[in-house]
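Notes follow the structure.
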Amino acid sequence: MIKIITIVGARPQFIKAAAVSRAIINRGIIKEVIVHTGQHFDKNMSSVFFEEMQIPKPDYHLEINSLSHGAMTGRMLEAIEQVIIKEEPDYVLVYGDTNSTLAGALAASKLHVKVVHVEAGLRSFNMEMPEEINRILTDRISNVLFCPTELAIENLEKEGFRNFDCNIFNCGDVMEDAARYYAEVAEKKSPILTKLGLGLNSYILCTIHRAENTDNQKKLTDIVKSINCLQSKMQVVLPLHPRTRKKIDEFGLSIQATIIDPVGYLDMINLIKKSKLVMTDSGGLQKEAFIFDKFCVTIREQTEWKELVNHGYNTLTGSDSNEIMDAVNHFSSKNFIKEHDFYGGGNASSRIIEALLKLK
Ligand code: UD1
Ligand code: UDP
């Protein structure tokens with residue numbers, strides 16, 4: 001039996017782990033030890049996902065959060081190292097590009113434990129993003145790199161990864177696995193549309209949380225301006241990330257939209273499926289919009305999911321309110337016709353498990 005330590009800590013990692021942990025349990029011959037760093041900690045940023053997605057309860061909870069990048073990553077590094085020494089795993093598995101990802105990868109590689117990176121090879125080519133630093137460093141010290149797209153493979157090849165001692169796979173995106181599996185559950189269990197009185201195609205679903213948008217007063221003010229303008233024509237539903245809520249209060253901004261607390265994944269899927277379109281700076285949400293046949297206006301200058309932009313399903317606007325309004329107007333009058341399948345069809349998790357078993 002092989003033993004894997006999985007590191008999670010931030011919201012999108014719970015969603016990815018839900019898909020992979022389910023595949024691990026179904027396969028039966030891998031022992032998984034889950035470490036929750038504590039990076040996200042509010043009920044609706046953390047425990048709601050474990051409960052409604054039936055993710056196994058973490059074996060370790062490190063409770064490290066709300067610190068500067070260095071302090072957070074450093075304290076996680078130290079604490080994860082202790083867990084790895086005690087558990088002696090064959091692999092440490094990390095997801096995505098957060099501080100929890102980098103801390104997990106670094107702790108493992110220094111102890112000569114093999115690092116598995118799920119969502120490897122993504123690049124925004126913007127080194128000011130903390131996530132870009134986390135991804136590049138994590139990829140470089142990973143032994144097994146599971147890429148979600150062809151483009152991610154190309155990125156690694158351009159950086160010379162074929163010369164490094166590592167295994168690279170295009171397995172598809174585990175977020176598609178989660179979206180497909182939980183969409184069926186959400187149909188039966190999520191009351192959000194009735195609760196908010198939302199009809200089909202009657203609202204724009206918006207999320208904003210990225211540091212580059214929220215920490216910059218001018219950018220956040222522009223984004224809020226565009227939300228307020230849109231709201232005068234069509235309802236905007238905004239599940240508000242705690243980072244954004246803090247910044248809106250700090251800058252004294254006023255938003256005219258349906259502001260709700262962050263929601264669980266089942267509610268989120270139903271909100272996407274019934275929306276007119278999605279407006280976001282989230283990585284995960286850009287793909288979920290596509291999976292559920294919605295156009296996406298991405299309030300960023302770059303995206304790691306470029307295939308969506310290249311084929312007209314998504315457009316990048318940055319934070320300029322005119323650009324955002326134009327993009328929303330453009331997509332509002334178009335029919336969504338899906339002509340591509342970029343993310344592997346919903347079987348990424350089992351490809352990951354089978355590849356790991358073969359490598360052992
Ligand atoms: C982190 C990730 C980002 C990811 C996002 C997903 C890094 C560098 N960033 O950003 O890549 O897209 O998660 O949502 O790892 N907070 C709460 N309650 C919570 C969680 C956070 O109040 O449950 C507050 C924290 O106290 C902090 C702020 O939100 O003040 C930001 O949290 P942090 O984890 O540092 O970064 P995110 O913006 O969430
Ligand atoms: N999400 C959620 N509830 C919310 C907002 C987002 O369940 O209130 C889900 C979303 O559907 C996607 C994931 O969280 O699956 C994306 O996480 P986030 O936007 O926080 O991070 P990113 O993907 O940008 O790293």
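The values are calculated or read from the model by the stated rules, or taken from the named source; none is laboratory data. Just so you know, these numbers come straight off a predicted model, no measurement behind them. Here the Cβ positions follow ideal geometry from the backbone for every residue, glycine too, while neighbour counts run over all protein chains shown.
Observations
Yes/no per residue for (1) part of a strand (DSSP E or B); (2) within 16 Å of ligand 1 (Cβ to nearest atom):
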site: Leu220; (1), (2): no, yes
site: Leu238; (1), (2): yes, yes
site: Gln256; (1), (2): no, no
site: Asn270; (1), (2): no, no
site: Val278; (1), (2): yes, yes
site: Leu308; (1), (2): no, no
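- Scanning segment 110-151 for residues that are in a loop (DSSP other than H, G, I, E, B), of a type outside the set (Gly, Ala, Ser), within 23 Å of Gly344 (Cβ to Cβ) and more than 17 Å from the chain's Cα centre (by Cα) returns a single hit, Asn143.
- If you filter segment 280-305 down to residues that are among the basic types (Lys, Arg) and more than 13 Å from ligand 1 (Cβ to nearest atom), you find that the one that is surrounded by the most Cβ atoms within 10 Å (Cβ to Cβ) is Lys287.
- Whichever residue in segment 51-70 is within 19 Å of Ile4 (Cα to Cα) and in contact with a helix residue (DSSP H, G or I) (Cβ under 7 Å, 6 or more places away or on another chain) and, among such residues, is nearest to ligand 2 (Cβ to nearest atom): Ile55
- Test result for Ile227, in contact with a helix residue (DSSP H, G or I) (Cβ under 7 Å, 6 or more places away or on another chain), within 16 Å of ligand 2 (Cβ to nearest atom) and part of a helix (DSSP H, G or I): no
- Summed over segment 22-43, the residues that are in a helix (DSSP H, G or I) and closer than 18 Å to Pro89 by Cβ give a count of 4.
- When Thr98 is tested against the conditions (1) closer than 28 Å to Asn170 by Cβ; (2) touching a Leu at 6+ places or on another chain (Cβ under 9 Å); (3) within 16 Å of ligand 2 (Cβ to nearest atom), the lone failure is (2).
- Filtering segment 314-360 to residues that are farther than 22 Å from Asp177 by Cα, part of a loop (DSSP other than H, G, I, E, B), at pLDDT 95 or above and not basic (Lys, Arg) leaves Thr317, Gly318, Ser319, Asp320, Asn335.
For (1) without any contact (Cβ under 8 Å) to a residue 12 or more places away in the chain; (2) within 18 Å of Ala289 (Cβ to Cβ), each residue gets a yes or a no:
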position	(1), (2)
Thr194	yes, no
Gly199	no, no
Tyr203	no, yes
Gln231	no, no
Thr244	no, no
Asp249	yes, no
Pro262	no, yes
